[in-house]
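To keep things clear, I will list the structure first and then write my remarks on it.
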Amino acid sequence: MAQSRVRIVDVADALGLSTATVSNVIHGKTRKISDETVKRVQQELEKTGYIPNMAGILLARNNSRIIGVVVNDHPKYEGRVLEDGFVMSSLNALSHEVNKKGYFLMVKTTTDINEVIVFASMWNMDGLILMGFCEENYERLRNQMRISFVVYDGYFDKCSKFVNLVIDHYDGGYKAGEYFKKLGHKKALCISDNYICMDKERIDGFCKAFEPGETVIWKIPNTKKGRVQFYKDKFLELSQLDITGVFAVSDYYALDFMQFLQGRGVQIPKDLQIIGMDDSMASRESIPALTTIHQDAYLRAKAAIKCIEDMRDGKEYDTRIVLPVKLIKRESTREL
């Protein structure tokens, strides 16, 4: 027997709310309704089967409650950008935050900035969060879209009409260099696939804190195959340099290098010590567990959603927010 169609009054009765309240949530008129009530109504709509009608309503109304996340699918990720530790932890934290606030989350990966404009317009989004693009992309989006957006770790001198949400990259590197110095290291290696923007800040912070110790910098290839060959070519040089500590600008590169070294019989931390940056899940599960610089994905997600809401609602907001980092000591480091 076919089920009878669920009515607004059915949803209202189930929740002990007025039909007006349920109707207002459905049509996006939620300014005077608490986030908790909005979430309860949305959950009941989905539970009862009213949800199939929501897509058209979301697109038609002014407040869709859709938050979009667009990640730059850079060639260095080799088609696996959503598997990156930083991206995964960021999306997980954002998912928790949007669920708590009664929003919907949509994720897209692309290298084409034009697709971002189409994506945001097609779904009538409340706001966008962008990861991994460059300054000219952000300015172009700002000039062509009215949708509020937040940038994760943008690197540019001028920030206009959108929010740049960053961590203290320099301090992250500084904390790593300071810790190696405290452990008694005299010569260290920094590895990165570039020496610009945030990676430069991390390396500069490390070098400053590690003084008067000597720091060697390697610019590594951004593909797995290229890095393996690079490390093979540099392996003998590494032992001749008397390096005892390695700082990688990301957990991904730290763990990648650790895997190569262990395959060559190098014992971590007995023969060489390593510090990463991000505090990804993989850094906690590696053997040995990786000492790293922690960035709080949940704090950043909370700040991102609040900024989107403030921009959408015409409230004042800071165009650049710097979040703190901290050192997490694990088994890949020890006193010399």
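The values are calculated or read from the model by the stated rules, or taken from the named source; none is laboratory data. As the structure is a computational prediction, the values presented were derived from the model and not from experiment. Note: ideal-geometry Cβ built from the backbone for every residue, glycine included; neighbour counts use all protein chains shown. The accessibility values were calculated without ligands, DNA or RNA, using every heavy atom of the protein model including side chains. Shrake-Rupley method; radii C 1.70, N 1.55, O 1.52, S 1.80 Å.
Odds and ends about this structure:
- Index of the failed condition, Glu136 passing every other in (1) over 17 Å from the mean Cα position of the chain (by Cα); (2) assigned to a loop (DSSP other than H, G, I, E, B): (2)
- The listed residue being open to solvent by 70 Å² or more (accessible area, probe 1.4 Å), of a type in the set (Asp, Glu) and either outside any loop (DSSP other than H, G, I, E, B) or modelled with pLDDT under 95 (or both), out of Glu316, Glu309, Glu237: Glu316
- So Asp251, is it open to solvent by less than 70 Å² (accessible area, probe 1.4 Å) and among the acidic types (Asp, Glu): yes
- Any hit, region 192-212, residues being within 29 Å of Gly132 (Cα to Cα), part of a strand (DSSP E or B) and not hydroxyl-bearing (Ser, Thr, Tyr): no
- Some residue of region 159-167 being among the β-branched types (Val, Ile, Thr), assigned to a loop (DSSP other than H, G, I, E, B) and under 30 Å from Thr37 (Cβ atoms): no
- Every pair of residues 6+ apart whose Cβ atoms lie under 8 Å, when the first sits in region 226-243 and is closer than 13 Å to Val266 by Cβ and in the same structural domain as Ala188 (by the TED database) while the second is open to solvent by 50 Å² or more (accessible area, probe 1.4 Å) and not in a helix (DSSP H, G or I): Phe235/Arg264
- Pairs are defined by a Cβ separation below 8 Å, a sequence spacing of at least 6 or placement on different chains, a first member in region 9-38 that is more than 19 Å from Asp313 (Cα to Cα) and surrounded by fewer than 13 Cβ atoms within 10 Å (Cβ to Cβ), and a second member that is modelled with pLDDT of 90 or more and of a type in the set (S, T, N, Q); the pairs so defined are Val9/Thr19.
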